[in-house]
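Trainee: What follows is a single structure, and I will ask about it in a moment.
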Amino acid sequence: MNLGSETGGDGVPPANKGLLAAASVLLLIPIVALMWVSSYARETPRLGGIPFFFWYQFAWVFLCSAMTWTAYKLVLAARPRPPARGPGEQR
Amino acid sequence: MIPLDVHKGVNGTALTVLIVLFLVVTVLGFMASRFRRSGDLNTLDEWGLGGRGFGTWVTWFLLGGDLYTAYTFVAVPAAMFALGSVSGFFAVPYTIVLYPIIFVFMARLWSVSHRNGYVTSADFVRGRYGSRGLSLAVAVTGFVATMPYIALQLVGIQAVLEVAGVGSGDNWLAKDLPLFIAFVVLAAYTYSSGLRAPAVIAFVKDTLIYLVIIVAIIYLPHKFGGWSHIFGAAQEKMNATNPATGKPTGAFIPGSGQMWAYATLGLGSAMALFMYPHSITASLSSKSRNTIRRNAALLPAYSFVLGLLALLGWVAIAAKTNPVGLDGKPNPQLVIPQLFEDAFPSWFAGVAFAAIAIGALVPAAIMSIAAANTFTRNIYKEWVNPTATPAQEAKISKLMSLVVKAFALVFVLSLDKQNAINFQLLGGVWILQTFPAIVFSLYTRWFHRWALLLGWAAGMVYGTVAAYRVVNPATNAHFAGSLADIPGLGDMGYIAMTAFVLNVVVCVVGTLVLRAAKIGNGFDQTKPADYFADAGDPRVDHDLAAGPASGERAEA
């Protein structure tokens, strides 16, 4: 997946392509893992009575969230920009 | 087996609580017109986008309000209850892979839209290719695909009112009275307050929902024998032979022939969701390019909740919930409200009903507003009245938000609502066909605008015909499901994805032909740097300043 890694001219901000590639991989992992249904469509091992199929997908909620957050930080680092705070910006 | 006395008639306490909470929300909706209002509500930007300027927090609530809906509370558990994991639990991978996908392209769409003043995806396509035809195709698809999605919300509200005992099976008017009440309330407050109404109500809604969920998830599994017993009961039901078809009732865990169905339902739904006008509206109303990316990491909290709610459909199996409509016929859509009514004291059942009803109301409002905006900008102004004044635009939008809801009502009344999740899946079949024109075009202009239009047409026709051909063996109703054979694979898959693949193939072949023929690809209004612009860029700030930039906290 292309994260928009053009660099140089046209006013496009320069970017660290390595970091963008790392972010792309992080974003791709959950998609591949969850689309590969045969890797988790089974009952065991159970966790507290919950079949594997279900708790495994619940676990991916957190894994995906963590990976997306990391990718967010990587993308910010890959294309740093002066802190642009409009008058209404808060955080 | 189905005694008619399961219905004790009107549940007075629950209904009272429901009505009180409903009224509170309605009043909030009307008052919402004052929420952070800085511009004139009679302009499209102010009414339709809330002036654009919501931070991470409000955007999080707004998107949550959008994404987790009657689909989550009624349709998904109902599908789990009636048909099992392939038909219901795919919603979990769907709402997980959703976020990496939008992370990738939504920031670019935000930037290019705010640099060039685009409000809809059709605006973007118009600017990217100078193509009115392709833009019209995107706009019409967005408008039409929203209708079944709103229909699903109306089914959710109706389910709650029906379990609470409103309406009766006596005649068609009394039977559909709850539906009409819900429709009128929704229409009234959306009409007067615009997007601000749902923004405020989302807070109330999410508070109610989290309260109900936490109680339900801690209390119900314990009450009905624990998770082991619940999964056991579900497995038994799903493996039992359905006398009507001679096949198992449903899937406990997807079997070997169902992997493609499960995966394509998840991925197709995820790719489709952010093509809907309402999702794009919500994303564009965030105040900086990266708000949406931060949200992509925060929103999965909702996915976890969604998974637990899906499993409530199986808790209902263990609880032996018997969802029977007021007409005396079984209706799986009633299963969650019925479970709450059976398991909780009346007053709390009322709170739960309110959570579900309001949880359907908010997205229905957002969806109808967004579809109306698209209609006004990309159909009315582009093709009917190019010199429309801002006041005229706002007026048409308000009118069309009523029209789209009226069509949704027609969907509810005319299509089989036994498996309401199909409404949403049918919308997905259509809206996914705009993916190449929108998302591919964010990265490249290699694709030819006419090839994109041809691919869209091929996907739309194939998808609609394939969905029409899915017939319910019991009722002979068409559009009875969203799975069909994937040609050349032998397994079933989500029709939207098969149509999408066909769409992309046509786009590629068409582009090669049109490029070889040296046919022009239109004028590109956007510049490469536009796709990276953020708040702080003068043109972006000018665009954002169409809304409030006063610095007051959105949450205040």
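Only the coordinates and a few stated rules stand behind these numbers; no lab work does. Since the model is a prediction, treat every value here as computed from it, not as a measurement. Glycine gets a Cβ as well: all are built from the backbone with ideal geometry, and neighbour counts include every protein chain shown.
Trainee: Using the Cα gyration tensor of the stretch B:436-556, with a ≥ b ≥ c the square roots of its eigenvalues, what is the shape: rounded (a/c below 1.5), prolate (a/b larger than b/c) or oblate (neither)? Could you put the intermediate results ahead of the total?
Mentor: On the way: a/c = 3.56, a/b = 1.49, b/c = 2.39.
Oblate shape, in that a/c is at least 1.5 and b/c is the bigger or equal ratio.
Trainee: While we're on this one: Where does the charge balance sit around residue B:478 when Lys and Arg score +1, Asp and Glu -1, over other residues with C-beta under 13 Å from its C-beta? Each step should come with its number before you reach the end.
Mentor: Numbers: positive: B:469; negative: B:416.
So the surrounding residues net to 0.
Trainee: Related question: In which sequence would B:76, B:429, B:144, A:32 go, from the one with the fewest C-beta neighbours within 10 Å to the one with the most? Show your work: numbers first, answer last.
Mentor: Numbers: B:76 32, B:429 29, B:144 16, A:32 10.
Ascending Cβ contact count within 10 Å gives the list A:32, B:144, B:429, B:76.
Trainee: With the Cα gyration tensor of the stretch B:256-329 giving a ≥ b ≥ c as the square roots of its eigenvalues, does the rule (a/c under 1.5 for rounded; else a/b larger than b/c for prolate; else oblate) give rounded, prolate or oblate?
Mentor: Numbers: a/c = 2.22, a/b = 1.84, b/c = 1.21.
Prolate, because a/c is 1.5 or more and a/b exceeds b/c.
Trainee: Also, quick follow-up: Whole Å is fine, so just give me how far the alpha carbon centre of the stretch B:457-525 lies from that of the stretch B:263-322.
Mentor: Measuring centre to centre over Cα atoms gives 24 Å.
Trainee: Turning to a different aspect of this structure: In degrees from 0 to 90, rounded to the nearest 10, what is the angle of the helix B:346-374 Cα long axis to the longest principal axis of chain B?
Mentor: 20
Trainee: Right, next: In degrees from 0 to 90, rounded to the nearest 10, what is the angle of the helix B:449-468 Cα long axis to the longest principal axis of chain B?
Mentor: Between helix and principal axis, roughly 10 degrees.
Trainee: So what's the net charge close to residue B:107: Lys and Arg +1, Asp and Glu -1, counting the other residues with Cβ under 10 Å from its Cβ? Could you put the intermediate results ahead of the total?
Mentor: Numbers: positive: B:108, B:289, B:293; negative: B:534.
After counting each charged neighbour, the total is +2.
Trainee: Which entries in the list B:395/B:417; B:205/B:247; B:381/B:527; B:398/B:527; B:287/B:417; B:223/B:405 go over 30 Å, if you measure between the two C-alpha atoms of each?
Mentor: Numbers: B:395/B:417 33 Å; B:205/B:247 40 Å; B:381/B:527 25 Å; B:398/B:527 33 Å; B:287/B:417 39 Å; B:223/B:405 39 Å.
Flagged as over cut-off: B:395/B:417; B:205/B:247; B:398/B:527; B:287/B:417; B:223/B:405.
Trainee: How large is the dipole of chain B about the Cα centre if only Lys and Arg carry +1 and Asp and Glu carry -1, each at its Cβ, rounded to the nearest 20 debye?
Mentor: 1040
Trainee: What do you get for the angle between helix B:259-273 and the principal long axis of chain B? Use alpha-carbon atoms, 0 to 90 degrees, nearest ten.
Mentor: The helix B:259-273 is inclined about 50 degrees to chain B.
Trainee: When a/c reaches 1.5 or more, the comparison of a/b and b/c decides; with that in mind, is chain B rounded, prolate or oblate per its Cα gyration tensor? Present the calculation step by step, with values, prior to reporting the outcome.
Mentor: Working: a/c = 1.84, a/b = 1.31, b/c = 1.40.
Verdict is oblate for chain B.
Trainee: According to a simple spin-label model (label point 7 Å from Cα along Cα-to-Cβ), what is the distance in nm between residue B:322 and residue B:342?
Mentor: 0.9
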